[in-house]
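Visitor: If you scroll down you'll find the structure; I have some questions about it.
The values are calculated or read from the model by the stated rules, or taken from the named source; none is laboratory data. Just so you know, these numbers come straight off a predicted model, no measurement behind them. Methodologically, a virtual Cβ is constructed for each residue, glycine included, from the backbone with ideal geometry; neighbour enumeration extends over all protein chains shown. Side chains are part of the model used for accessible areas, which takes the heavy atoms of the whole protein and leaves out ligands, DNA and RNA. Shrake-Rupley method; radii C 1.70, N 1.55, O 1.52, S 1.80 Å.
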Amino acid sequence: MHGDISVDSAPGADTSIVWTLKFRIDKDYQELPAAQEAEPLDLTGSKVLAAEDNELNAEILQMMLRQAGADVTLVENGELLVKAFEAAAPNTYDYIFTDIMMPVMDGYEACRRIRALDRPDTQSIPIIAMTANAFAEDERQALACGMNAHVAKPIDVHALERVVAELS
């Protein structure tokens, strides 16, 4: 690669290694346009129903949503998610965030049951999957069961911002 390496070392003393490489300049380089940034997550006045069985993940999610201005109701599994949704008056919640892998009832089944309820808000409420399973097949499965979006864990606030912006 037409470079140089030099080593300066002595017993009991520091070692200095210098590696010099020569690279050609790309004369055809063009700056790519900057990625469009999402608006900051703003859920001011929104009511969110969320299901997360992991205590630490639940705490982080609740903190993120509350910092964005949301009023958050948090449950530990899909069965409790469905029950909380059923118990609330129609249009009480603006968003549902659900983990996928939970005890008692997973997020997929909870979504299917919510979508099957005979209420005016069951088809319009955005349901967002949150899962460490971040493969394309996982996203397809979430959408196939009636979810509107899929966010990989650990939850990145910028990914959440993009999803909420797309659903608004």
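Visitor: Ignoring everything but the protein chains, give the 1.4 Å probe accessible area of Ser124 in square angstrom, nearest 10.
Guide: It works out to around 80 Å².
Visitor: Expressed as a whole percentage, what fraction of the accessible surface of the chain belongs to carbon and sulfur atoms when a 1.4 Å probe is rolled over the protein heavy atoms?
Guide: Exposed carbon and sulfur together represent 52 percent of the surface.
Visitor: Amide H neighbours of His150 under 5 Å, counting only residues 5+ apart in sequence or on other chains, H built in-plane at 1.01 Å?
Guide: Ala129
Visitor: Write down the accessible area per residue of the chain in Å², having rolled a 1.4 Å probe over the full set of protein chains.
Guide: Spelled out: the 1.4 Å probe surface of the chain, per residue, equals 65 Å².
Visitor: So for the chain, taking the charge dipole from beta-carbon charges (+1 Lys/Arg, -1 Asp/Glu), which of Gln67, Ala132, Ile17 sits furthest toward the positive end?
Guide: It is Ala132, whose Cα lies furthest towards the positive end.
Visitor: In the chain, what percentage of the DSSP-assigned beta bridges are antiparallel, given to the nearest 5?
Guide: 25
Visitor: Something else now. Just checking my list (1) 15; (2) 36; (3) 33 against percent of Cα pairs over 29 Å apart computed from this structure; which label fits?
Guide: For percent of Cα pairs over 29 Å apart, the calculated option is (2).
Visitor: If you project the alpha carbons of the range 1-96 onto their three principal axes, what span does each projection cover, largest first, in Å?
Guide: Rounded to whole Å, the extents work out to 74, 45, 22 Å.
Visitor: Right, something else. For a quick check: with amide H placed at 1.01 Å from N, whose amide H comes under 5 Å from Leu43's, ignoring anything fewer than 5 positions away on the same chain?
Guide: Here Gly69, Ala70 satisfy the definition.
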